[in-house]
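Asks: Dumping the structure here so I can ask a few things about it.
The values are calculated or read from the model by the stated rules, or taken from the named source; none is laboratory data. All values derive from a computational prediction rather than experimental measurement. Positions of Cβ are generated from backbone atoms using ideal geometry, with glycine treated the same way; all protein chains shown enter the neighbour counts.
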Amino acid sequence: MSRLLSTFGIILSLLITITSCSYSSRSNSNTTDKNLGSEISKPEGKVLFNRAATKLIDVISKNNLDTDVFSDLPTYLDRKKSQRLTNTAKILAGMNIGSTGELSQFQERGNWQQHRNFLNDAWSQLETRRLEPMRNWQQRELTTLNNLEPTIFYPFSNANFLDVYTLFPHGRVFVLVGIEPVGKIPNLERLNRQQFAQELKHIACNLHEILALDYFRPPQMINFKQEVSTALYVFLARTNNRIYDLDYISLNERAEISSPQSGKISGVKITFASEGDTKRKIIYYFSSKLSNEALAETPELVTFISKYAPQVTYLNAAAYLTHFDSFSQIRETILAQSSYLLQDDSGLPITTFESSRWNLSFYGSYTQPIAPFSDRYQSQLWQVYNSKNNIQPLNFATGYQSEAKVSNLILARLKNNFTTESPQLDLPITIDR
């Protein structure tokens, strides 16, 4: 009788394990609808399943209930899911994924090969013109800050994750907010050839702003909506990251992450890690306005941001919105929550930095803002740059300027000692590969 109960308990445990693994493998229906059965039918899955079956027989014969008969399978499924997410990103980014395995067939299509060639050429130019100088600058000016693995808050970001990640490659949490829609990562295998071609064309249009102009123009300057999720995938792939999870989310009234809900702030959460690294990182992107009127209707957004204070705030091509009284709340939130702030002149007005609280470092040069922002000229900032006292060079374009010689950056440091701990991500510290 006891032997029968033991066997029943083992089988029940096995069923629970299978259910758990199957649920894990399908946790994001937008990226994979593979169930456990399809995974264990593959060669590697068969090996693991046979190994588990052997363990089960051994457990039953020895009446040992402490053995985890499917200990290898969750890791296998997690690895398979990550591989599929990462390969999807690479296909969208025009990057080769090898000649075998899921999604490799898309590399044989002529339109994908044209897409790859276009992005390879554009990225090579961007790397020389912008990304390499930007990395050299951050290694010289931001190394101490990056070593702290800070949380980065990037308001008015839209899809431009590339800049903030290049400047802060060791950030653990990135909170991006913009008005562009979240969008959806396509399930490539469900697209017909025409839909696939349209997706590639849309990506090229979506990324034109950063690849050709070095910045994302504000929505009033473009005639189509940029969808953020796909751009994030492309940038993660092109910066050699491995994607571990993707969730479409909402922010509820208690400033908690929840499943998508109508009428709530929508967003996307992507968990990733640099290739060769063992620390997982998170991107949150929320599609939401940041005016006083909008924040009065969605105060949970500021509450969520405050959970990660103290933080580093980055402002780039921010349309000078924080110069207006109608954006005073987000301006005050940034000043209250930030211990470091890196921005171009389109960020906070220079007059908002009280000399008793902030140390300021200036880089590059300051000139008249481009149209339609010419009325945002700051005479006090011109006086600082015109004095030529301790103005450091800047050899890459940033903000709305197309040339380095007329670009600027301002690094603000809170005068109080700044310390931060790596945020608790509720994730394992290491990644099994």
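Asks: Quick check, is SER338 over 15 Å from LEU321 (Cα atoms) and touching a helix residue (DSSP H, G or I) at 6+ places or on another chain (Cβ under 7 Å)?
Replies: Spelling it out, it is not the case that SER338 is over 15 Å from LEU321 (Cα atoms) and touching a helix residue (DSSP H, G or I) at 6+ places or on another chain (Cβ under 7 Å).
Asks: LYS388 is checked against (1) modelled with pLDDT under 95; (2) touching a strand residue (DSSP E or B) at 6+ places or on another chain (Cβ under 7 Å); (3) not acidic (Asp, Glu) and fails just one. What number does that condition carry?
Replies: (2)
Asks: If you check GLU403 against the conditions, is it under 17 Å from TYR314 (Cα atoms), assigned by TED's automatic domain parsing to the domain that holds LEU145 and free of Cβ contacts under 8 Å to residues at least 24 places away in the same chain?
Replies: So GLU403 fails the test.
Asks: While we're on this one: So, ASP163, is that one on the phi > 0 side of the Ramachandran plot and either among the small types (Gly, Ala, Ser) or modelled with pLDDT under 95 (or both) or not?
Replies: no
Asks: Right, next: For PHE118, which of the numbered conditions (1) of a type in the set (A, V, I, L, M, F, W, C); (2) in the same structural domain as ASN192 (by TED's automatic domain parsing); (3) modelled with pLDDT of 95 or more fails to hold?
Replies: (3)
Asks: Can you report the number of residues in region 387-414 which are exposed (fewer than 12 other Cβ atoms within 10 Å of the Cβ) and of a type in the set (Gly, Ala, Ser)?
Replies: Final tally of qualifying residues: 1.
Asks: Ok, one more. Considering only region 230-243, I want to know if a residue exists there that is modelled with pLDDT under 95, surrounded by fewer than 20 Cβ atoms within 10 Å (Cβ to Cβ) and at negative phi.
Replies: Checking region 230-243: not a single residue is modelled with pLDDT under 95, surrounded by fewer than 20 Cβ atoms within 10 Å (Cβ to Cβ) and at negative phi.
Asks: I'd like to verify a number: residues in region 338-386 that are part of a loop (DSSP other than H, G, I, E, B) and either surrounded by 20 or more Cβ atoms within 10 Å (Cβ to Cβ) or in contact with a His (Cβ under 7 Å, 6 or more places away or on another chain) (or both), how many?
Replies: 7
Asks: Before we move on, is ILE410 among the aliphatic types (A, V, I, L, M), modelled with pLDDT of 95 or more, within 23 Å of ASN292 (Cβ to Cβ) and assigned by TED's automatic domain parsing to the domain that holds PHE153?
Replies: No; evaluated as a whole, the condition is false for this residue.
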